[in-house]
2 protein chains.
Amino acid sequence: MSVLSRREVLTGAAIMAVVSSAPSLAAAPKAGKQAPGFYRYLVGDLELTTVNDGVSRMPITDSFVLNASKDRVNAALDALFMERDFYAGPYNPLLINTGKKLVLIDTGTGPAGLAASKGLNGLLLQNLAAAGVDRNDIDAVVLTHYHGDHINGLLGPDGAPAFPNAEVLAPAPEHNFWTDEGELSRTKNPRVVAGFENVRKVLTPDIRKRLRTYEWDKEVLPGITAVATPGHTPGHTSLIAASGKDTIYIQGDVTHAPFLFARHPEWHFFLDIDPVAAEATRRKVYDMLAADRMRVQGFHYPFPAQGHVEKRGNGYVEHIVGWNPRL
Amino acid sequence: MSVLSRREVLTGAAIMAVVSSAPSLAAAPKAGKQAPGFYRYLVGDLELTTVNDGVSRMPITDSFVLNASKDRVNAALDALFMERDFYAGPYNPLLINTGKKLVLIDTGTGPAGLAASKGLNGLLLQNLAAAGVDRNDIDAVVLTHYHGDHINGLLGPDGAPAFPNAEVLAPAPEHNFWTDEGELSRTKNPRVVAGFENVRKVLTPDIRKRLRTYEWDKEVLPGITAVATPGHTPGHTSLIAASGKDTIYIQGDVTHAPFLFARHPEWHFFLDIDPVAAEATRRKVYDMLAADRMRVQGFHYPFPAQGHVEKRGNGYVEHIVGWNPRL
């Protein structure tokens, strides 16, 4: 048996051309673009669709993780064969068709994100359309928290509500925090101040007219229950969708991308507003997910963003489910 | 913070309904089907498209792995949160647009597989169409070996060649084995005898007319080199596609699904015709992939079927690449 090494292939060693006798067709044009990013699965009678909004590309600095150096983060990326120096954080809103209502959970970075990222994110509307979903048919948008990558997609390209017939449901403690001038005046973190400014821009009068707040430990909509998971933001919320005996834990940002932050629950991500509370929440939720072998959907999980969590050592390892060609 | 356990959610404890005041739209119909399974990426100037053919559903018995019990295989599936007792082996043909030629590597289970599996596999033609590829535009089909899930898709629904303008390129040692009546007469393994019968059916006069054999350690087509990886079948072949400084190792069935057989290279899969040679090939190739950090595409890798290999302990762990929304 011969196994060519990468070097041998690149230098062309051991390669001799074979003359092909096939008739030559006209060259087929390259497609030049990715497949639409959506994926369906069932939870009991609920039909869920992960609708990819794209991915971030954040430079990794020594303050990307407050208590781990750039070198340590790069070492973790190296071990996963991922590009160094940049954080490719996936964005995955989730659509739930309950049979009665079409419910969208979180909205991606929106048209502004699409423009700023040159098409790397802000893809929700085009991927929804590819999935055959008319945004006018969406009955409710449920938000897990008020960070821009979750709320900015509430607005369409024209600045009007992207989902004109949808009620917008926001966690009450989250809404109260980000709309409280007193909280803003006490905030010293410039990133959080910028967050307040963004919330003010996104919660236009048209959005506020549609907005209702929901409470922790109650059903947000039939079959979808809110659970308190604060730390990433003060009112950060996860959702549990249940149908029959089947459930899924929709974690929002309990971890950012699990390949970094589930494996290192002790890492304090710079976007966690209260990193100590965020770590406590993360460990509590992930201990439960692992012990109950519960399915989890993560906004920043790699597409299709659904999987299970294994407890390993002091951290957790995510297992993303394989592509199922049938529902 | 409150974290609802799975049991609490299922029994409805701590849940109180909130009355929604949203206007009710007509219920949106459920889609009832999966997204098309294709995914694009670049290797230098080559545009590659993984085109999913679906997945198998084989019962796991004590002879599924010759040297590991059903219990051990089930334990491995449990650890990965996968269904017990069944092997969901993904099928992923690969399309390469070289800019001059459209080359398909392996063909899936074909229309017969589609019918027999009730739509669980045999999906290549519909996923190719979803990817915007006209099967008449394919210039060449390169086969890694002659197992049914790689060759049966050579034939279309009408029994005529599915890729009527394509040359069919087969590894010479593989072709010679499966078309040698002497080899057949010496074969005692009934599964291999059935393989001979299948090859006879699939290599119709129309297919044979288009068929050319290719040799190990030579270019099959410009930029695509054949390497000997026997064991799974006597003439089993892998391919290395290279462009500029970039390469990908297209492994065929050096391992079947990596979540079982890369992690357990010592396991002798019942479909490996010479399991000892297959294991030796597997270790040699995977040691090289891990040492060179070379990208690998696996026919039985989870869609989108591209990743890297880490050496860990006595085995290997695959890292499937994350969905990239841009090429």
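The values are calculated or read from the model by the stated rules, or taken from the named source; none is laboratory data. Because the structure is a prediction, the values reported are computed rather than measured. No Cβ is skipped: glycine too gets one built from the backbone with ideal geometry, and neighbour counts run over all protein chains shown.
Values computed for the structure shown
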| quantity | calculated |
| --- | --- |
| Strands (runs of 3 or more DSSP E) contained entirely in segment A:214-275, each with at least 1 residues that are more than 9 Å from chain B (Cβ to nearest Cβ) | A:224-228, A:237-243, A:246-250 |
| Hey, B:R191 among the basic types (K, R) and under 19 Å from B:D253 (Cβ atoms) or not | yes |
| Matching entry among B:G315, B:G235 (being under 24 Å from B:V103 (Cα atoms) and either touching a residue at least 40 places away in the same chain (Cβ under 8 Å) or under 15 Å from the mean Cα position of the chain (by Cα) (or both)) | B:G235 |
| Criterion: within 19 Å of B:I320 (Cα to Cα) and at pLDDT 95 or above - qualifying residue of B:P90, B:P59 | B:P90 |
| Residue pairs meeting the criteria (Cβ under 6 Å; at least 6 apart or on separate chains; first within 14 Å of chain A (Cβ to nearest Cβ) and in a helix (DSSP H, G or I), in segment B:62-90; second charged (D, E, K, R) and loosely packed, with under 14 Cβ neighbours inside 10 Å) | B:L77/B:R84 |
| In segment A:276-298, residue farthest from the other protein chains (Cβ to nearest Cβ) [restricted to those that are in contact with a helix residue (DSSP H, G or I) (Cβ under 7 Å, 6 or more places away or on another chain) and crowded, with 23+ Cβ neighbours inside 10 Å] | A:G298 |
| Residue among A:I273, A:I240, A:I250 that alone is of a type in the set (A, V, I, L, M, F, W, C) and under 24 Å from B:V321 (Cα atoms) | A:I250 |
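The rows are residues; the columns are (1) in contact with a Leu (Cβ under 7 Å, 6 or more places away or on another chain); (2) at pLDDT 95 or above; (3) farther than 23 Å from B:I96 by Cα.
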residue: B:E174; (1), (2), (3): no, yes, no
residue: B:E197; (1), (2), (3): no, yes, yes
residue: B:T213; (1), (2), (3): no, yes, no
residue: B:E219; (1), (2), (3): no, yes, no
residue: B:A226; (1), (2), (3): yes, yes, no
